[in-house]
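Undergrad: Below is one structure. I have some questions about it.
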């Protein structure tokens, strides 16, 4: 079974094929930096190094209707991401913002 991981050290997103017979505590190594500080990433995460979109357990959003910011858990699929609404006014016009500088990445 193929699973996707994110290396917390070098920010590389990579796939690993894990057999059903593999032990649950087996250590996973990043193919880029050989680091072992990895976390499972959603299957739809883009492969390769990139933006720090998987830092922590939440993403920050800004509502374009009420202009308030809030955090939600990282979505498990693009469909979950598209169904997100503002926790304050229930609008679906949200911008995903980064942690540094709160620069919108795209309009959801």
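Just so it is clear, none of the values below were taken in a lab; they were calculated from the coordinates. Please read all numbers here as calculations on a predicted model, not as lab measurements. For neighbour counting, all protein chains shown are included, and Cβ atoms are generated from backbone atoms with ideal geometry for every residue, glycine included.
Undergrad: Which value, in Å³ per residue, describes the convex hull spanned by the Cα atoms of segment 2-46? Don't jump to the answer; show the numbers that get you there.
TA: Numbers: hull volume 3.1 nm³, N = 45.
About 69 Å³ per residue, rounded to a whole number.
Undergrad: In nm, to one decimal, how far is the modelled label at residue 66 from the one at residue 18, with both set 7 Å along Cα→Cβ?
TA: Going from the residue 66 label point to the residue 18 one covers 3.8 nm.
Undergrad: How high is the FRET efficiency between residue 9 and residue 83 when r is their beta carbon distance and R₀ equals 41 Å, given to the nearest 0.05?
TA: Details: r = 32 Å, r/R0 = 0.79.
Efficiency computed from Cβ-Cβ geometry: 0.80.
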